[in-house]
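Report on one structure; see the data block that follows.
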Amino acid sequence: MLSRDEAQAILDAQPFSKLVGAKLELFEDGRCVISAPMREELKQHMGIAHGGVLATLADMALTFVGAMVLGPVITSELKINYLRPGTGERLVARGEVVGHGRRQAVTRCDVFAVVDGEEKLCAAAQGTIVKIES
């Protein structure tokens, strides 16, 4: 349905994705990886990644893998659990398709903070992604 080139073009065209610094690292076989460098602008007052940034990366990964199997989509529902503070050099969201029909997909995503080259799980999310009917 959605190719890697199309996914990259969508990501590149979104002003908010640019603001976050999101990069598409992997897009294949019902999985995708989106990352963003940790910057001061993405932190909250305690110096850790803002929860909204973690949720944004999760939403991007959830939606992109849903689009991989359904075509044009939007997020219908998203649930996220924050497990530890996001710190380090960058954030990485790893999304995958749990299951799908013709009109909706259930997807999941783990968001990691990369600290000294090691990934540490900081959030887990699940979403319902729905096909946009023309």
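The values are calculated or read from the model by the stated rules, or taken from the named source; none is laboratory data. Just so you know, these numbers come straight off a predicted model, no measurement behind them. Please note: Cβ atoms are built from the backbone with ideal geometry, for glycine as well, and neighbour counts cover all protein chains shown.
Is one or more of the residues making up region 76-93 closer than 15 Å to Cys32 by Cβ, at pLDDT 95 or above and not aliphatic (A, V, I, L, M)?
Checking region 76-93: not a single residue is closer than 15 Å to Cys32 by Cβ, at pLDDT 95 or above and not aliphatic (A, V, I, L, M).
Looking only at region 11-26, which residues are part of a helix (DSSP H, G or I) and either surrounded by fewer than 17 Cβ atoms within 10 Å (Cβ to Cβ) or without any contact (Cβ under 8 Å) to a residue 40 or more places away in the chain (or both)?
Matches in region 11-26: Asp12, Ala13, Pro15, Phe16, Lys18, Leu19, Val20.
Can you tell me which residue within region 83-126, out of those that are in contact with a Cys (Cβ under 8 Å, 6 or more places away or on another chain) and of a type in the set (Lys, Arg), is farthest from Leu62 (Cα to Cα)?
Among them, the one singled out is Arg84.
So which strands (runs of 3 or more DSSP E) stay within region 43-134 end to end and still have 1 or more residues that are under 11 Å from the mean Cα position of the chain (by Cα), of a type outside the set (Phe, Trp, Tyr) and buried (at least 21 other Cβ atoms within 10 Å of the Cβ)?
Where strands (runs of 3 or more DSSP E) fall fully within region 43-134 and carry at least 1 residues being under 11 Å from the mean Cα position of the chain (by Cα), of a type outside the set (Phe, Trp, Tyr) and buried (at least 21 other Cβ atoms within 10 Å of the Cβ), they are 90-100, 104-115, 118-131.
Looking only at region 27-42, how many residues end up being under 24 Å from Arg103 (Cα atoms) and exposed (fewer than 15 other Cβ atoms within 10 Å of the Cβ)?
Going through region 27-42 one residue at a time, the tally reaches 2.
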